[in-house]
Structures are given as C-alpha cells and as structure tokens.
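> I'd like to ask some things about the structure below.
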Amino acid sequence: MKIKQNAVRVLATTMRRYSEANLAFKTLKHVDLEEAIENLDRAFESKLEALHSLYDVDKSDFDYFVNPDTAVLIMLRNALHHRDHELFSSWNAEMNKPGGPRRFLGAEFLLVSHRLVNPASTARQFYKIQDFLMRVDPVLQSPALENKLSSANRQSLIQHLRAGLHFDDVLRKAERERYPQKQIYLNVIPVFISAVSRVFRSLRDRGLIFEGADALDFRDHFDEKLVVDFSNLNYDKVRII
C-alpha cells in the first residue's frame, strides 16, 4: 500500500504544479508566449506520467481500461510519451507554430468540453479529436496508428472514444455545421478530473490512506460530488480573424 501512497502523492503534486502553471500562463503569455505554452503543456504531460505511474502499481487491483476516462488518458499518455508521430499538439502549441493563428485566417474552430454535473470552473487543455481516432482506429489508415494494441483493446478504445466520450455526437454536429475534423478540439481536463475522481474513490474504498499535503487536498477536492457528465457537451466557437 505504501507504493500506491507514494504514487498518489506524486500525482497530487503534479496536479498542483499544473494548476500553478495554468495561473502563471495568464501573465507569462504577455512576456514570453512560447515559454508559457511549453510550461503548461509539459506540466500537463507530467500529470499524465504520474497517473500512468499510479496505473503501473494499481492495475492488478483496478481495471483502468474498463472506463472511458481512465482508458483514454492511459492511451494519451502513451502517445505523448513515445512521440513516434506528429499527433497531439495542443491548441496553444498549434496556434503558436510559425505563422501563428493567421495561418488559419477565416477558419472557425469548434472547442468541445464535457460538463461537470456540479458546475465548476476548470482549466482548458485542448487536443484535436481527430488525433485520438487516428491513433487507434485502423479505418482511418493513419501512419500514426498505435500498432501495439491488441484487437480487443483497440476496439474497446474506439468504443470509449466514440460512445463513452461521445465523439460520434461531436462529429455529427461538426458534419452538420461543416467543420473539418482537423478544426475540432477536445478539452481533456474534464476527462482527467473524472478519471482521477474515479481512481481516488476506488483507492479510498480499498482502504488507502492519503499522505502528504497535496494528496490530502486533492483527496478532499476529488470527492463524490465531482462528477463529469460525458453526454453533456459544451461547444465554443473560435473564428480566426
């Protein structure tokens, strides 16, 4: 149990550091936008790495692949960790590539978030919905397809994305409103909130005692009231002018 306690403590610390990077972003972007984006993206990736470390020591007792939130985050971590492709450039990073947002002059983007049942403000970390599908769905014939997935795990992930996280609903709306798939981005923070809440509740039910200031703070924050409704989607539209 001590190994899991340590993994939870590290995860909680990375979550605090991401929150700090998110707060600092608002000021730093006016001074050094590239540094602000790099700090935020690397802090988010650190959270995914810490979640994966917890998965490594907890997977024999908790099935991280049976639920859409935990399964998709493990897949995203693996994709970002191995970097054998060009997928999963964050919205901020994409907008800051050479030429900036004016590369998309006149284009409109659809930014999608799942809603919390009890409304609360959340951070925003966006990745293309298309990238998730291109990583796992062979029908798309993507050169970035993850080849190490078993057939069963691949089908499960596709189902988690299309039905569990309601990607199919998003794509139908995008098609009706004529958004190219490459212009649809998903905020993964609600997915992360749901996943951590699920895992923390399970750990508490199994008798794990949270240790350390960060772990205790997040244990109390990620309680039974913090629930994400994956069927309830919020859409923001951003036109580049």
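> Among the residues of the stretch 113-163, count how many are in a helix (DSSP H, G or I), modelled with pLDDT under 95 and small (G, A, S).
Looking only at that region, the number is 2.
> Looking at the stretch 91-120 only, could you name the residues that are open to solvent by less than 60 Å² (accessible area, probe 1.4 Å) and among the charged types (D, E, K, R)?
Once the filter is applied, which keeps residues that are open to solvent by less than 60 Å² (accessible area, probe 1.4 Å) and among the charged types (D, E, K, R), the stretch 91-120 yields E94, E108.
> Could I ask something else about it? What is the residue count in the stretch 43-96 for residues that are within 12 Å of Y127 (Cα to Cα), in a loop (DSSP other than H, G, I, E, B) and among the aliphatic types (A, V, I, L, M)?
1
> From the list S202, S197, which residue is in a helix (DSSP H, G or I), buried (at least 17 other Cβ atoms within 10 Å of the Cβ) and of a type in the set (S, T, Y)?
S197
> Among the residues of the stretch 213-239, write down those that are among the aliphatic types (A, V, I, L, M), closer than 30 Å to E177 by Cβ and open to solvent by 20 Å² or more (accessible area, probe 1.4 Å).
V227, L233, V238
> Evaluate the following for F210: is it within 15 Å of R9 (Cα to Cα) and surrounded by 14 or more Cβ atoms within 10 Å (Cβ to Cβ)?
Criteria met by F210.
> On to the next question. Within the stretch 205-237, track down each residue that is in contact (Cβ under 8 Å) with a residue 40 or more places away in the chain and in a loop (DSSP other than H, G, I, E, B).
Answer for the stretch 205-237, where residues must be in contact (Cβ under 8 Å) with a residue 40 or more places away in the chain and in a loop (DSSP other than H, G, I, E, B): R206, G207, L208, I209, F210, E211, G212, K225, L226, V227.
Yes/no matrix, rows are residues, columns are (1) under 15 Å from the mean Cα position of the chain (by Cα); (2) open to solvent by 20 Å² or more (accessible area, probe 1.4 Å); (3) modelled with pLDDT of 95 or more:
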residue	(1), (2), (3)
N6	no, yes, yes
R16	no, yes, yes
I37	no, no, yes
A50	yes, no, yes
T70	yes, no, yes
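> Among the residues of the stretch 121-140, write down those that are of a type in the set (D, E, K, R), farther than 14 Å from E94 by Cα and buried (at least 21 other Cβ atoms within 10 Å of the Cβ).
R135
> Do you know which residues across the stretch 164-180 are in contact with an Asp or Glu (Cβ under 9 Å, 6 or more places away or on another chain) and part of a helix (DSSP H, G or I)?
Selection gives G164 alone.
> Take the residues in the stretch 18-35 that are farther than 19 Å from V188 by Cβ and among the hydrophobic types (A, V, I, L, M, F, W, C), then tell me which one is nearest to the chain's Cα centre (by Cα).
Ranking the candidates gives A24 first.
The values are calculated or read from the model by the stated rules, or taken from the named source; none is laboratory data. The model shown is predicted, which means the values in this text are computed figures rather than measured ones. Cβ atoms come from the backbone with ideal geometry, glycine included; neighbour counts cover every protein chain shown. Calculation scope for accessible area: heavy atoms of the full protein, side chains included, ligands and nucleic acids excluded. Shrake-Rupley method; radii C 1.70, N 1.55, O 1.52, S 1.80 Å.
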